[in-house]
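The values are calculated or read from the model by the stated rules, or taken from the named source; none is laboratory data. Keep in mind the model is a prediction, meaning the values are calculated, not measured. Using ideal geometry, Cβ is built from the backbone for each residue, glycine included, and neighbour counts are taken over all protein chains shown. Just so you know, the surface numbers come from the protein's heavy atoms only, side chains and all, with ligands and any DNA or RNA stripped out. Shrake-Rupley method; radii C 1.70, N 1.55, O 1.52, S 1.80 Å.
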Amino acid sequence: MNRANFSEAEAFLAIVDRGGFGAAARELGVTQSTISRRIAALESRVGKRLVERTTRRVTLTEAGTAFATDLRDVLARLADAEGRIQSEGAEPEGSLRVTMPTAYGRTCVIPRLARIARHYSRLRFELDLSDRYVDILEEGYDVAIRIAEPAQSGLITERIDHFGLHICAAPEYLERSAPIEQPQDLASHDCIVQRTYAPRNKWRFEWSGDLIEIDIAPKIIASDMSAVRMLALAGAGITVLPSYLAVDDLAAGTLVEILPEASLPSINVFASWPHHRATLTKIRVLVDELRKTSGA
């Protein structure tokens, strides 16, 4: 693939992933007219209309959809081949921009990143710890750590970790509150939930072989899971905490597990990065370290 063909293919996939000529131009750092010229040249060479343009949106033709799938496979194999060659004896270098959920990032990712930073002196890091949804293609991040598997196109995703969940509260809260003997009792208690895109007002788990869903009227809603833990430790109510935040408190007795026979789902953690950065050595080093130390 010569340079002109590659730039046309890159422009076409950027339109597919970003949904428009302007967004594709911003992603590639070129003008919108440059994107238009590259797509026109690509369509002329293949002899097919690939993109339908209207005043409001861009859609792919049937030929465009099929071409995008084939082209992505070709570019992925090319990137893999280049990555393997570049990684042989090469030390990762440059800037690595990573976004991650706040509490999981502080507890589970930052210590691993510190190990990488100590080992690779030519790597630099820019870290975003936030519970907002970050569009890594739009905002230019190299890697996103996600608690839910991303559905966004244009990304490669691998599972890197998993953790359990625990219903818990401080002994102080339980001493002054009504006993909890079955899941339905939770609805009448002070509950603390995390807000991501919306408050988590339903708690789901397995009880005596049945799937149970309890509607919660939260006493407190917080955007940061670390704040949820602190509120629970202070006796403000009952919450569901991930194991990476709960295990030490449960072992110390500062939190008590409620309904321990209830089975809550295990939560998977994923790393995602853009297709066009598929096998950059610095990304592979990060993802492998996160998976290795988590045992996922």
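Ranking 179, 111, 156 by how far each Cα lies toward the positive end of the dipole of the chain (charges on Cβ) leaves 156 at the top. Taken one residue at a time, the phi angles of region 47-52 give Karplus couplings (6.51, -1.76, 1.60, θ = phi - 60°) of x, 9, 6, 9, 10, 9 Hz. Gly and Pro are set to x.
Please work out the average accessible area per residue across region 83-163, using the 1.4 Å probe convention, and give it in Å².
Working: 4070 Å² over 81 residues.
Ligands and nucleic acids excluded, the result is 50 Å² per residue.
Remark: region 89-147 is approximated by an ellipsoid whose semi-axes, taken from the C-alpha gyration tensor as √(5λ), come to 21, 15, 7 Å, largest first.
Computed from the C-beta positions of residue 59 and residue 151, the FRET efficiency with R₀ = 22 Å rounds to 0.70.
Taking the Cα centre of the chain as origin and assigning +1 to Lys and Arg Cβ atoms and -1 to Asp and Glu Cβ atoms, the resulting dipole is close to 1400 debye. From most to least packed by mean Cβ count within 10 Å, the peptides 100-108, 243-251 give 100-108, 243-251. In order along region 167-180, the Karplus-derived 3J(HN,Hα) couplings, from 6.51 cos²θ - 1.76 cosθ + 1.60 at θ = phi - 60°, round to 7, 8, 7, 6, x, 4, 5, 5, 5, 9, 10, 5, x, 10 Hz, and Gly and Pro are given as x.
Counting only DSSP beta bridges with both residues in the chain, tell me the antiparallel percent, nearest 5. It would help to have the intermediate numbers written out before the result.
On the way: 28 of 42 bridges.
Here the share of antiparallel DSSP bridges comes out near 65 percent.
Magnitude of the charge dipole for region 164-296, about its Cα centre and with charges confined to Cβ atoms of Lys, Arg (+1) and Asp, Glu (-1), is about 920 debye. Calculation over all alpha carbon pairs of region 173-267 in 10 angstrom steps from 0 returns a P(r) of 15, 51, 32, 1 percent. Where [x] 76, 56, 37; [y] 71, 48, 37; [z] 75, 47, 33 are the candidate values, the label of the one calculated here for Cα extents along the principal axes in Å is [z].
With coordinates expressed along the principal axes, the C-alpha atoms belonging to region 134-178 extend over 51, 20, 16 Å, beginning with the largest.
Nonpolar atom fraction for the chain, defined as the carbon and sulfur part of the 1.4 Å probe accessible area, stands at 49 percent. Straight-line cross-link partners of residue 292 among the lysines, defined as a Cα under 20 Å from its Cα and at least 8 positions apart when in the same chain: 282.
Excluding same-chain neighbours fewer than eight residues apart, the lysines reachable from residue 202 by a Cα-Cα span under 20 Å are 219. Pop the C-beta distance of residue 114 and residue 220 into the FRET formula with R0 = 25 Å and round what comes out to the nearest 0.05. Efficiency, from the Cβ-Cβ distance: 0.20.
What the Kirkwood sum gives for region 222-261 is a hydrodynamic radius of 10.4 Å, with every pair of different alpha carbons counted.
For region 99-111, the Karplus equation 6.51 cos²θ - 1.76 cosθ + 1.60, evaluated at θ = phi - 60°, returns couplings of 10, 7, x, 4, 5, 5, x, 4, 7, 10, 8, 4, x Hz by residue, with Gly and Pro reported as x.
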